[in-house]
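Only one structure is covered here, and it is reproduced in the block below.
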Amino acid sequence: MSLAPRDVFAVQLLGKKHWTLSAPNSDMPLYMQQAKDMPHITPPTTVDMEVILEAGDILYIPRGWWHNPMPMNCETFHLAIGTFPPNGYNYMEWLMKKMPEIQSIRQSFTGWEHDRQNLGNAAQKIAEIMKNKENYQEFMQDFLRNQRMNTAFNMDLFGNANNQTLPEHCFLRLNSNDCSTISQGYIIANGIKVNIDENSIIFLTILIEKHMISLAEMLSLFSINEQENVKKLVWQLGELDIIEIMR
């Protein structure tokens, strides 16, 4: 039986598998807290859920749940897709670069009686930094900026200085898993932060709702007078790898 140190989606591609799952006995383990590294935590003896996955099925395994997939006398294959949302540990790692700003942390140690006041002051300052909304938002932006999505090369499109025309039959898709910043007037995708205006927000909102949409359908949602600007926007966002243009 294995412990899931992150939220996992098991996608059954071929054949069947019998899954047994048991509730966590370790609260929200992190990626480095594997079962083999925590000998004091042993697999549960009770099974809380049993399920058979067939080709095309998807099973969500929450973080901390124990699981054991077993083949069922047939060729079988599944993919395990782990998710990596930001958490408090990531935030603390990111905040380390701000620690030198705290004067009491820069003090040399001489002994407990002398240093405990400095440590108390440092703890208070660290708590203030952690609870600072601007620091939190800066961290979230930085985290999103470091996420990447694989997109196909479009060298024949964007590498041709003599071409500024979009393919007639193409599809559009947003290169970001988190669109929560759009309402704030910017988007972060594939390491790039781009400020967006009202028309761009309308365009991106449609793209998010549709997930993937043809250029022809996207243009049909705008007036004839707006369509040329939409084409220019698609080109610019495609060049920046904010959206993927698929043919």
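Results, tabulated for the structure shown:
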item: Filter result for residue 104 (under 30 Å from residue 217 (Cα atoms), modelled with pLDDT of 85 or more and either of a type in the set (D, E, K, R) or not in a loop (DSSP other than H, G, I, E, B) (or both)); result: no
item: From 184, 164, residue being surrounded by fewer than 14 Cβ atoms within 10 Å (Cβ to Cβ) and within 25 Å of residue 84 (Cβ to Cβ); result: 184
item: Flag for residue 127 being in a helix (DSSP H, G or I), exposed (fewer than 13 other Cβ atoms within 10 Å of the Cβ) and hydrophobic (A, V, I, L, M, F, W, C); result: yes
item: Sole exception among (1) modelled with pLDDT under 85; (2) touching a Ser or Thr at 6+ places or on another chain (Cβ under 9 Å); (3) among the aromatic types (Phe, Trp, Tyr) for residue 65, by number; result: (1)
item: Candidates 48, 27, filtered to the one that is farther than 15 Å from residue 69 by Cβ, out of contact with any strand residue (DSSP E or B) (no Cβ under 7 Å at 6 or more places or on another chain) and without any contact (Cβ under 8 Å) to a residue 40 or more places away in the chain; result: 27
item: Residue selected from segment 164-184 under the condition assigned to a loop (DSSP other than H, G, I, E, B) and of a type in the set (A, V, I, L, M, F, W, C), by the criterion modelled with the highest pLDDT; result: 170
item: Sole exception among (1) modelled with pLDDT of 80 or more; (2) under 20 Å from the mean Cα position of the chain (by Cα) for residue 213, by number; result: (2)
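The values are calculated or read from the model by the stated rules, or taken from the named source; none is laboratory data. Keep in mind that this is a model prediction, so the values were computed, not measured. Please note: Cβ atoms are built from the backbone with ideal geometry, for glycine as well, and neighbour counts cover all protein chains shown.
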